[in-house]
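The values are calculated or read from the model by the stated rules, or taken from the named source; none is laboratory data. Worth saying up front: this structure is predicted, and the values here are computed from it rather than measured. No Cβ is skipped: glycine too gets one built from the backbone with ideal geometry, and neighbour counts run over all protein chains shown. Areas reflect the complete protein model, heavy atoms only, side chains present, ligands, DNA and RNA absent. Shrake-Rupley method; radii C 1.70, N 1.55, O 1.52, S 1.80 Å.
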Amino acid sequence: MSQPGIPAFGGTLTSLQAQNGAASASGSPYTNGPIQNALMSSQGYNSQLPGSYPHLIPAKTLNPVSGQSTYGGPQTVSPLSSYQRPGQTLHRPPVASTPVTSSLHSGPVPRMPQHTSHNSAAIPMPSVSFHPGANLPPPLNWQYNYPSAGSQTNDCPNVSSGPTMSGNTNLTSHQYVSSGDPSLQNNFIKSGAPLGPLPTGGPPPVRALTAQKSSHRTVPQPSFNSAINQEGITSSTNNGSLVVHNNYDEIEGGGFLATPQLTNKNPTISRSVGYSYPSLPPGYQNTTPPSTTGMPPSSLSYPSGPQAFSQMPLGANHLTASMSGLSLHPEGLRVINLLQERNMLPSTPLQPPVPNLHEDIQRLNCNPELFRCTLTSIPQTQALLNKAKLPLGLLLHPFKDLVQLPVVTSSTIVRCRSCRTYINPFVSFLDQRRWKCNLCYQVNDVPEEFMYNPLTRAYGEPHRRPEVQNATIEFMAPSEYMLRPPQPPVYLFVFDVSHNAVETGYLTSVCQSLLDNLDLLPGNTRTKIGFITFDSTIHFYSLQEGLSQPQMLIVSDIEDVFIPMPENLLVNLNESKELVQDLLKTLPQMFTKTLETQSALGPALQAAFKLMSPTGGRMSVFQTQLPTLGVGALKPREEPNQRSSAKEIHLTPSTDFYKKLALDCSGQQVAVDLFLLSGQYSDLASLGCISRYSAGSVYYYPSYHHQHNPVQVQKLQKELQRYLTRKIGFEAVMRIRCTKGLSIHTFHGNFFVRSTDLLSLPNVNPDAGYAVQMSVEESLMDTQLVSFQSALLYTSSKGERRIRVHTLCLPVVSTLNEVFLGADVQAISGLLANMAVDRSVTASLSDARDALVNAVIDSLSAYRSSVLSNHQPGLMVPFSLRLFPLFVLALLKQKSFQTGTNARLDERIFAMCQVKNQPLVHLMLTTHPNLYRVDNLSDEGALNINDRTIPQPPILQLSVEKLSRDGAFLMDAGSVLMLWVGKNCGQHFFSQVLGVQSYALIPQTMTDLPELDTPESARTVAFICWLREQRPFFPVLYVIRDESPMKANFLQNMVEDRTESALSYYEFLLHIQQQVNK
């Protein structure tokens, strides 16, 4: 079943230590890259979406254009021998010869004081990691995709007021309209900002700047000898030749310096910066139209797209020390004693740091919700990175729903002929006919077609093309980017119909959701759909056009599964819609009398895989218990009394069946999404592999029951609506490239690493995040800017091949102080969380906890010893890391890493899956919830969105000190909202918001607020609705009284307070201070 160019699987799973899990015992080629050490193992679970805080996210409407892009990367991946093997210790020097300092401790490891229970030893943490990034605001003057109003995650009023189109709008033509504004020139380097290869083009002559040191670098021989190399010569961009490819590596283009024929064409390349071409006039700015998003305006200077800026000739006055620009950030230079200033949590959502770049470069930069780096100032050398003891990595949210997205339809996609980087705002135009790559510094010719600018309808302005004016852009890919004709959208649903499943009543909800959303499934006239049900046997359903009713076909031989009548089981949705509707109406009643308790999940998955192999597509699997029959059968492993013991061994799969099947699925472009609805232990550690390695997702509804747990029913319905109607990309690959000298070595997320740096994503969805860890492989002294580019090549649900490209530009710095100044504490925390999940799986939970603690100790020790001139008493931290100890303490108390026996094993595994698969914004909210007082909401500072007033109460510290019995407090913990009402809260709040007359009359199980005709009710409901609109999952609301069973969950999230098994924030700070000041 393997795809051309993809090795077939063989061997058994040993543990989850390599990028896609561990290398198999027999040396299976399916290991996803080098085996990593403790916290550097890449993929244990899906990385959360690293985005930024909710107020930065555009309205939660779906963008009709579903897009993914492929990443082709100049990353160099070190040989396997330089990486940690399963039995090795945590201490691994990275690619450079200097050891990773944050993961090294000489002598005994400092331990957390044992407080009432398990506070594990502090073990150092590796210093490299990545976070998925940010959302890009849109450009004004070309044709955009507007989100479809029907794709809301929940039932709150739609936030978007922009023009909407129904369904998945097909953006095939890109109409550029010139605004006629005069062109302005742009000046890239702020006085004091690092100078490097100019992000965008400039006036014709190439003039080296006298004040700048001219450096020459020899282009090394290409290091890749695989098929990857060929793509350097096949792109229509360069010579128009059409080459038949046999794998995705060739299509997307190889890694760094992948084309052999370029070996000595440009033996020396000067990196001196010439003049740049003028930028796009203001009329083409990528600004968000008013009222298109439901978020408060961001104070960040992230581009909405191409904006006007003048390019003055760069003179010596622009080449001052890069630190001079820091005067613009006086706050950033503050040194804080956390023991005296503990309350550092801002009252508004935390903003990502703005890189210290000239404002004209920053204006073009990628939005941090799509692409975000843990350090916004990149250290010149690995030695400097090691000294800082902070992880270096990227967080990506590459397929995020965007309110507007520039889409280019052109036969010429311009890419570097050496490293295959897509042309972007941060390249330099040496003259009208030549541009220099900002990743490998290769000088390339500008193709004739690129000389014409469809925006201005002028010739000779390549620097004004939208590709050079937008850090996020989508290309309609020509046929060279296809291995086969684009696949049709194929959706296969696999339902557990055992006695246990029927008892939960889930089939009624799922079938009703499918009926309601059948016409909204992303697709076109080629869309196919099919259904399989299973208990101890497997049931197929023939939906052939012309039948009067669906036909059930039962296969009882689960040892050797075969497909009966394969041509009638996956049918065209349009042609067989009535039969599909009939089946969905009858399915919930078909098994009501069943006494069959067995579950043959493994054979059912094998059957589904065989059915989908010819086309690829999405498999949605619903399971309610531990599989008990056939291949993939599992045994109970949870021991309730040892849920958090140091020797927890059940975080790893008990069989390699699900991983091997997932890899087979990946090879045939099938992704598997698992919906687990179970009150009993179901071994999610084993089952989750089917989604993890096939680029699917896991959804978990513990104790789902249609009568006993109505809140979970509501949650499933809302999340299914989003799941069924959101955009989707099929047969995708992604590659991340970075400037020469930087190297990517570990990936986090749900995917399979196909060839060192090419991520295989049979499906890509807008709610998935990814992270990567990086190292500085060669000194960056010759450059003052570095860039990162992700490219996602995918097939849209309309059958179009598309490439979504994001490019991020950051300054290079030479001092430790500048590295600390640019630290992004949320991105660092998110990357460390990904690394800690891997460490939990490959070593132990206590090792992961210790490593998290040591990450704080090591970085603050480095700051104290190398940056602070006078050592004052207390815990001195740079302003950028003022929340680092708080966020790490929150991680230690998060379900993934907490001690104590209250976390069920499947719940812990699911939390780890979420860490690896969620964007950063959602991970941070789950880790450190937001607390608001809501009994006194007012319109002061409120947002006005589509004639709705959304109050913006201040965010409070997570401590019971902030609660009072005469108030009501709402905690937003990401996937759950908890409204705690004090006994002495005003009668006004009871009657005007809760609709009851007294505290005693609040129902114990209240999970909805009534919509009353009062201003107080309107404000509270609008605020909760607005919070729900900002995420792809549905947070359930619980109203909590003092005696409510949910009160313990509410208090569990008070991360600054002491618990039975964890320190308070102040105690944690004292421990950190004691270790730092040793």
**Item:** Spin-label model distance (nm) - I554 vs H708, 7 Å beyond Cα toward Cβ
**Value:** 2.9
**Item:** Under-5 Å amide H pairs with F752, H placed in peptide plane, nonlocal only
**Value:** S760
**Request:** List every residue whose amide H lies under 5 Å from the amide H of L547, counting only residues 5 or more places away in sequence or on a different chain, with H placed 1.01 Å from N in the peptide plane.
**Result:** none
**Fill in**
Sequence order, the range 544-560: Karplus ³J(HN,Hα) from phi using 6.51 cos²θ - 1.76 cosθ + 1.60, θ = phi - 60°, Hz rounded, Gly and Pro as x, gives 4, 4, x, 6, 7, 8, x, 10, 8, 10, 9, 10, 9, 7, 7, 7, 9
**Asked** Using a probe of 1.4 angstrom, how much of the accessible area of the range 960-1057 is carbon and sulfur, in percent?
**Response** 53
**Fill in**
The orientation-averaged projected area of the Cα convex hull of the range 579-689, in nm², is 8.7
**Asked** At a Förster distance of 25 Å, what's the computed FRET efficiency of S411 paired with R457, Cβ-Cβ distance as r, to 0.05?
**Response** 0.90
**Fill in**
For the range 456-523, dividing by residue count, accessible area per residue (probe 1.4 Å) in Å² works out to 28
**Message:** What are the ³J(HN,Hα) couplings of the range 744-753, residue after residue, when phi is run through the Karplus curve with 6.51, -1.76, 1.60 and θ = phi - 60°? Round to Hz, x for glycine and proline.
**Reply:** 9, 10, 8, 10, 10, x, 9, 5, 10, 7
**Message:** Given points 7 Å out from each Cα along the Cα-Cβ axis, report the R965 to T1014 separation in nanometres with one decimal.
**Reply:** 2.2
**Fill in**
Computed ³J(HN,Hα) along the range 1036-1042: with the Karplus parameters 6.51/-1.76/1.60, θ = phi - 60°, integer Hz and x for glycine or proline, the list is 6, 9, 10, 8, 10, 9, 4
**Message:** Quick query: amide H of L430 versus all other amide H atoms, modeled in the peptide plane; which residues come in under 5 Å with a sequence gap of 5 or more or a different chain?
**Reply:** W435, K436
**Fill in**
One finds, for T592 and K983 with R0 = 45 angstrom and r their Cβ-Cβ distance, a FRET efficiency to the nearest 0.05 of 0.50
**Prompt:** Which of the GluC sites (Glu not before Pro) found in the range 853-962 are in a DSSP loop and have at most 14 neighbouring Cβ atoms, other than their own, within 10 Å?
**Reply:** E940
**Complete:** Plugging the Cβ-Cβ distance of T1005 and N936 into 1/(1 + (r/R0)^6) at R0 = 25 Å yields, to the nearest 0.05, a FRET efficiency of 0.45
**Message:** I want to check the label-to-label distance for D1042 and E1060. Put each point 7 Å from Cα in the C-beta direction and report it in nm to one decimal.
**Reply:** 2.2
**Per residue accessible area in Å² of the range 669-747, where ligands, DNA and RNA are left out and the probe is 1.4 Å** = 17
